[in-house]
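The values are calculated or read from the model by the stated rules, or taken from the named source; none is laboratory data. Computed from a predicted structure; not experimentally measured. Counting neighbours? That spans all protein chains shown, and the Cβs are built from the backbone with ideal geometry, glycine included.
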Amino acid sequence: MQHSFMSSNFKIKNEKQLADLKKLKLSEIKYDPSRSDVEPLPLEQKAEIVPDTGPDLEAEAQAKLEEAKKEAKQARVKKMKERSARLNKCEKAYAETASTLRNVMRNIMSQPKAAVEDAEVMVSGMVGSLMEDQEATMHLVNMKGKSESTYFHAINVTILALMLGKQLGLNKQQMEDLGTGALFHDLGYSEIPDKILLKKEALNRAELNFLQMHPEYGVRQAEQIGTIPPEAVRIIEQHHEMIDGSGYPKGLREHQISELAQIVAIVNAYDNLCNQKDASKSCSPYEAISILFAKEKHKFNKKKITLFISNMGVYPPGTVVKLSDETIAVVMSINPNALLSPKVMLYDPEIPSSEAYILDLHEEGLKIIDSIRVSNLPEEIRNYFNLGDAINVFIDSK
């Protein structure tokens, strides 16, 4: 920590960096020639170091400069620790939400009124976080190895739907109906056999027909429960309907599909691409956005799908990227005002993953040069980021 560099692993780009390194009087450094852009000079040929700071500074001025650099770095480190704390808070809130949802679904038929009330309180809290904090955004959370994975899809769809609903300017009541419908959108799955729900191979026609009945089963259950809001029930019924009529169960078209169900249809498709039953077939968030834009946008309302894609950013949370300094990182959250420069967690094997740097690329001036599929990463990088089989998101709010 006694140096001005952001990391202890970086590419030397100018003479000033070399001069600063010399002043550290290090006993040794590690150098990787395979990552260099140029060949080193022959050993017998000395490079002339020409500092780019102009004439030598007086000792007092130099000391002030070094102190200023140290303070600037400490400020950056403090900011990174604050970001890490917010990440930990997000993961804790996500786990608590999954646990609450488990209890809701366990009690939905035996104690329907209480279960729906618990769900509405949970949704109301999410809506409040989004509407009261204008800077609230989505943050990647890692739930690898957690026991509530059955409910992660419902939470992801709810968060994504509420984020899009906020961008569309929905009022508080609409947001709460949207959140409740998104949370219960797969209610009818409880009547689908596990051998169909968990099957990783392609479903045969009979199995597919059975699966595509789940919206109607969900509506039937919602009517039996009796306390789920009507607009939320329409989401349960229509979340697989597409505006071109290619959806199910009724093949409705745009004007026949509720506005809230159109939102859930988009985010449900996105999360299904990212989190497939066979994890090896799951898309990266970057790939999922590309597929929705290039191949499937005709299925969705133009305004809503365009807004969703633009607000998810080019590199949504969960995307593994290579930066302009060759560092590998994972996107943690987007920058609404700089979509090409999200906040990322850096891979540095010399730093424990629990203390990994979380940088705002917009502040640091680094750029993303490539997106990397998780399955193509070395095991040590997957383990460092603790990347599980699922991409989960939650609200990052003050």
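Tabulated results
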read-out	value
Residue satisfying all of: in segment 129-166; over 12 Å from Tyr94 (Cβ atoms) and of a type in the set (Val, Ile, Thr); modelled with the lowest pLDDT among these	Thr150
Pairs, first free of Cβ contacts under 8 Å to residues at least 40 places away in the same chain in segment 244-261, second outside any loop (DSSP other than H, G, I, E, B) and small (Gly, Ala, Ser), C-beta under 8 Å, six or more apart	Ile257/Ala265
Check on Ile334, without any contact (Cβ under 8 Å) to a residue 60 or more places away in the chain and surrounded by 17 or more Cβ atoms within 10 Å (Cβ to Cβ)	no
Yes/no for Glu237 being at pLDDT 95 or above, surrounded by 15 or more Cβ atoms within 10 Å (Cβ to Cβ) and over 20 Å from Tyr151 (Cα atoms)	no
Some residue of segment 51-64 being aliphatic (A, V, I, L, M), at pLDDT 85 or above and surrounded by 10 or more Cβ atoms within 10 Å (Cβ to Cβ)	no
Residue in segment 87-94 that is in a helix (DSSP H, G or I), in contact with a His (Cβ under 6 Å, 6 or more places away or on another chain) and crowded, with 20+ Cβ neighbours inside 10 Å present	yes
Residue among Met345, Met332 that is more than 18 Å from Ala288 (Cβ to Cβ) and among the aliphatic types (A, V, I, L, M)	Met345
Test for Glu120: is it at pLDDT 90 or above and part of a helix (DSSP H, G or I)	yes
Hits in segment 240-261 (condition: buried (at least 22 other Cβ atoms within 10 Å of the Cβ) and not in a loop (DSSP other than H, G, I, E, B))	Leu260, Ala261
Within segment 341-394, considering residues that are assigned to a helix (DSSP H, G or I) and of a type in the set (Ser, Thr, Tyr), the one nearest to Cys90 (Cα to Cα)	Ser354
Residue in segment 95-102 that is over 18 Å from the mean Cα position of the chain (by Cα), charged (D, E, K, R) and in a loop (DSSP other than H, G, I, E, B) present	no
Among the candidates Glu237, Glu287, residue that is in contact (Cβ under 8 Å) with a residue 12 or more places away in the chain and over 30 Å from Ser371 (Cβ atoms)	Glu237
Whichever residue in segment 371-398 is surrounded by 12 or more Cβ atoms within 10 Å (Cβ to Cβ) and charged (D, E, K, R) and, among such residues, is nearest to Met122 (Cα to Cα)	Asp396
Within segment 339-353, tally of residues that are under 17 Å from the mean Cα position of the chain (by Cα) and more than 17 Å from Asp370 (Cα to Cα)	0
Test: Asn107 is polar (S, T, N, Q) and more than 29 Å from Met332 (Cβ to Cβ)	yes
Criterion violated by Met109 - all others in (1) buried (at least 17 other Cβ atoms within 10 Å of the Cβ); (2) farther than 28 Å from Glu259 by Cβ satisfied	(1)
Candidate set: segment 212-258, residues that are acidic (Asp, Glu) and farther than 20 Å from Ser110 by Cα; chosen: the one farthest from the chain's Cα centre (by Cα)	Glu216
For Lys81: the one exception among (1) over 15 Å from the mean Cα position of the chain (by Cα); (2) crowded, with 17+ Cβ neighbours inside 10 Å; (3) not hydroxyl-bearing (Ser, Thr, Tyr)	(2)
Residue in segment 17-40 that is more than 30 Å from Ser353 (Cα to Cα), surrounded by 11 or more Cβ atoms within 10 Å (Cβ to Cβ) and at pLDDT below 80 present	no
Condition met for Asn376 (out of contact with any helix residue (DSSP H, G or I) (no Cβ under 8 Å at 6 or more places or on another chain) and within 26 Å of Asp271 (Cβ to Cβ))	yes
Candidate set: segment 363-382, residues that are modelled with pLDDT of 85 or more and not hydrophobic (A, V, I, L, M, F, W, C); chosen: the one farthest from Ser280 (Cα to Cα)	Lys367
Count of residues meeting criterion [over 20 Å from Leu366 (Cβ atoms) and either in contact with an Asp or Glu (Cβ under 7 Å, 6 or more places away or on another chain) or polar (S, T, N, Q) (or both)] in segment 300-347	4
Residue satisfying all of: in segment 290-331; of a type in the set (Gly, Ala, Ser) and without any contact (Cβ under 8 Å) to a residue 24 or more places away in the chain; surrounded by the fewest Cβ atoms within 10 Å (Cβ to Cβ) among these	Ala294
